[in-house]
Amino acid sequence: MTSFTSFTQRINRRLALQILLPLLSIFLLMAIIGGTAINASVEISLREQLVERAHIAADSAQFAVESANTLGTMQRFVSALAAEDEFRSVTVMAGNPLRIVASSQMNEVNKPLSAFKNSPKAEILKLSYELRQTPHHRFQDNQFLYGSSVLILGVSENGLPLGAGAVVLEMKPQHYRSAKRFVSSTLILVMLTILAVILVCTLYLLQRLILTPQKALLQTLDRRKNNEKILCPVKGENEISAISQSLNELFLATDQVDELKTQFVSTVSHELRTPLTSIRGALGLVLGAFAQTLDPKIKELLATADRNAEQLARLINDLLDLEKMASGKMTFTMEDSNLCQLAREAITSIEPYAEKHGIKLHFNAQNIQQFAEVDKTRILQVLFNLLSNAIKFSADGQSVILSLQENPQYHQFSVKDFGRGIPEEFRAKMFQRFAQADSTDAREKGGTGLGLNIVQMIVQAHGGKVEFFSETGKGTEFFIKLPKHLPAALTAAGEKS
Ligand SMILES: Nc1ncnc2c1ncn2[C@@H]1O[C@H](COP(=O)(O)OP(=O)(O)OP(=O)(O)O)[C@@H](O)[C@H]1O
Ligand SMILES: [Mg+2]
């Protein structure tokens, strides 16, 4: 599941990149085109505003110039006009030959127009003078010039009337520039807001259409792995729903097969158990009551039959246990139990088996008053299974040690042997049903490969876990960790049963 999760995370990242990158490039392209267009139209409208303001200013300049009747007064009017915030310079031209008659830049006064050769100001002055009435303007390198013709009623220093002339206003570009800056920053702000909205919407859609259904699917797969018989949620019509639907069909089919198999195992086991009980009873009776009178050969044959009947009974019980646990029908009677006492009981019941294999059993307990809420019979079954494995896979004369310890979180049983160890390649499937490291074990050592699976199920039902450490050729140690504080769900289940 972990690798499936990381696989889907990789897909999500790639998907996000595949959606976001083209989206961002489209957005950037649109931002550049749209920004340039908006900027151009804003520039045009700002320039129009500037022309409008210059036009009004030119009217008042004309009035000022016309109403002055001496050059001195005209110069004062021009200087006063130029002192206004929006003008950088004001220039008036008239006379014959044409010359500057008043200017806010005093060094220009009295200079002929020819002295300003090639200057934009002279060009506008000339155009305004020659074409009369039509105002002329020019934007050039942050400079804005506006010229209009004027009729000057005043007189020159030598008393001659000046007649037709032209006035040129040079506007300060600051206002225009700050307006442009304002528009650009507003534009950037608007673009960023749109980008943020697009990103949020994309992520929301990604979350809603892909991530959330995908998470629900993964959770379902996770729960199915823990044997919960649930189906994947199917919402709407998209790829994930289609996958969920197909998986559901598969799950329903396997659930059905599982159910049939469980029923089959259960029926066969029950049917086998009844006659087997009477066979074992009869054999026990014959071997007990007529032991003295029986021919030794017949006695040996009957003992073999009894051993095999017992092994068969154990297999049937294991199968029934597994079936019950898998279908959730197994009930656990949780009660406060002395774990040290349980361990001793396990040792006592396995002792004959150990003796038969020439194995010495040892028991260590850190605390003999160690109590826990467990199902005694089932924990005994766990210890019995682990001890029987340890004995079975040890060599004659070796020892097996059962220990009981505790720490603040859990109680721990450990079963240690010095036998052949578990081959590395087998460790991953050790807890699977019918798994045995060596195919000859079933025949030579007995057993069906169900013991560890049952151990794991019982321990998990107690909220605990099974761990092990093994070195090939040196031995194995199994650890059963039972939590001191049972999870709430288990406590409730225990109370019910
Ligand atoms: N202590 C151990 N030392 C070496 N191998 C072990 C040990 N415990 C388990 N194994 C290996 O794990 C396999 C599975 O063990 P498990 O108890 O499930 O089955 P089994 O003992 O073969 O049969 P069953 O327990 O059903 O009678 C064993 O067959 C053996 O190969
Ligand atoms: Mg076993």
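The values are calculated or read from the model by the stated rules, or taken from the named source; none is laboratory data. In this text, all values refer to a predicted model and were calculated from it rather than measured experimentally. Note that we place each Cβ from the backbone using ideal geometry, even for glycine, and neighbour counts take in every protein chain shown. The protein model used for the area step is the full one, side chains on, heavy atoms only, and it has no ligands, DNA or RNA in it. Shrake-Rupley method; radii C 1.70, N 1.55, O 1.52, S 1.80 Å.
On inspection, T348 qualifies as more than 46 Å from the chain's Cα centre (by Cα), open to solvent by 50 Å² or more (accessible area, probe 1.4 Å) and more than 15 Å from ligand 1 (Cβ to nearest atom). Identification of strands (runs of 3 or more DSSP E) wholly contained in region 72-154 with 2 or more residues that are surrounded by 22 or more Cβ atoms within 10 Å (Cβ to Cβ) yields 87-94, 99-103.
Within region 369-383, being modelled with pLDDT of 95 or more and within 12 Å of ligand 1 (Cβ to nearest atom) holds for one residue alone: V382. Consider region 449-472 and keep the residues that are away from ligand 2 (no atom under 16 Å from the Cβ) and more than 34 Å from the chain's Cα centre (by Cα). The one that is most open to solvent (accessible area, probe 1.4 Å) is F469. Taking each residue of region 124-139 that is in contact (Cβ under 8 Å) with a residue 60 or more places away in the chain and looking for partners that are polar (S, T, N, Q) and surrounded by 15 or more Cβ atoms within 10 Å (Cβ to Cβ) with beta-carbon atoms closer than 8 Å, six or more apart or interchain, yields P135/S128; P135/S148. I'd like the residue in region 409-429 that is crowded, with 16+ Cβ neighbours inside 10 Å and among the aromatic types (F, W, Y) and, out of all such residues, is farthest from ligand 1 (Cβ to nearest atom). Once the filter is applied, the top-ranked residue is Y410. When every residue of region 388-408 is checked against the conditions, at least one turns out to be within 12 Å of ligand 1 (Cβ to nearest atom), polar (S, T, N, Q), more than 19 Å from G463 (Cα to Cα) and outside any loop (DSSP other than H, G, I, E, B).
Taking the options S439, S403, name whichever one is of a type in the set (S, T, N, Q) and modelled with pLDDT of 95 or more. So the residue among S439, S403 that is of a type in the set (S, T, N, Q) and modelled with pLDDT of 95 or more is S403.
All conditions but one from (1) within 19 Å of Q456 (Cα to Cα); (2) hydroxyl-bearing (S, T, Y); (3) within 15 Å of ligand 2 (Cβ to nearest atom) apply to Y353; the one that does not is (1). Considering only residues in region 182-211 that are open to solvent by less than 70 Å² (accessible area, probe 1.4 Å) and of a type in the set (S, T, N, Q), the one that is nearest to Q49 (Cα to Cα) turns out to be S184.
So, in region 189-232, exactly how many residues are under 17 Å from M30 (Cβ atoms) and free of Cβ contacts under 8 Å to residues at least 40 places away in the same chain? Full working, then the answer.
Looking only at region 189-232, we keep the residues that are under 17 Å from M30 (Cβ atoms), and these are 189-199, 201-202.
With the extra rule that they be free of Cβ contacts under 8 Å to residues at least 40 places away in the same chain, the set shrinks to 189-190, 192-193, 196-197, 201.
Matching residues across region 189-232 total 7.
Within region 244-260, residues that are more than 16 Å from D222 (Cα to Cα) reach partners that are open to solvent by less than 100 Å² (accessible area, probe 1.4 Å) with beta carbons closer than 6 Å, at six or more positions or on different chains, in the pairs Q245/V234. The C-beta contact set for region 413-440 (first residue in a loop (DSSP other than H, G, I, E, B), second residue open to solvent by 40 Å² or more (accessible area, probe 1.4 Å) and within 8 Å of ligand 1 (Cβ to nearest atom), distance under 7 angstrom, 6+ apart or interchain) comprises G419/F393; R420/F393; I422/A437; P423/A437; F434/T448; Q436/A442. Residue selection: F371 satisfies the criterion of being more than 16 Å from ligand 2 (Cβ to nearest atom), of a type in the set (F, W, Y), within 48 Å of the chain's Cα centre (by Cα) and assigned by TED's automatic domain parsing to the domain that holds G446.
Among strands (runs of 3 or more DSSP E) entirely within region 289-386, having at least 2 residues that are in contact (Cβ under 8 Å) with a residue 60 or more places away in the chain and not small (G, A, S) singles out 371-374. Evaluate region 300-318: report whether one residue or more is surrounded by fewer than 13 Cβ atoms within 10 Å (Cβ to Cβ), basic (K, R) and at negative phi. Yes, some residue in region 300-318 is surrounded by fewer than 13 Cβ atoms within 10 Å (Cβ to Cβ), basic (K, R) and at negative phi. Count of region 163-181 residues, restricted to those that are closer than 11 Å to N39 by Cα and surrounded by 12 or more Cβ atoms within 10 Å (Cβ to Cβ), is 1.
Tally up the residues in region 312-367 that are of a type in the set (S, T, Y) and touching a strand residue (DSSP E or B) at 6+ places or on another chain (Cβ under 6 Å), please.
At the first step, the residues of region 312-367 found to be of a type in the set (S, T, Y) are 327, 331, 333, 337, 348-349, 353.
Retained after the next criterion (residues that are touching a strand residue (DSSP E or B) at 6+ places or on another chain (Cβ under 6 Å)): 337.
So the answer is 1.
Any residue that is more than 25 Å from N317 (Cβ to Cβ) and touching a strand residue (DSSP E or B) at 6+ places or on another chain (Cβ under 6 Å) - is there at least one of those in region 426-438? Scanning region 426-438, I find no residue that is more than 25 Å from N317 (Cβ to Cβ) and touching a strand residue (DSSP E or B) at 6+ places or on another chain (Cβ under 6 Å), so the answer is no.
Residues that are farther than 15 Å from N453 by Cβ and either away from ligand 2 (no atom under 16 Å from the Cβ) or open to solvent by 30 Å² or more (accessible area, probe 1.4 Å) (or both) within region 380-401 comprise L380, F393, A395, D396, G397, Q398, S399, I401, listed in sequence order.
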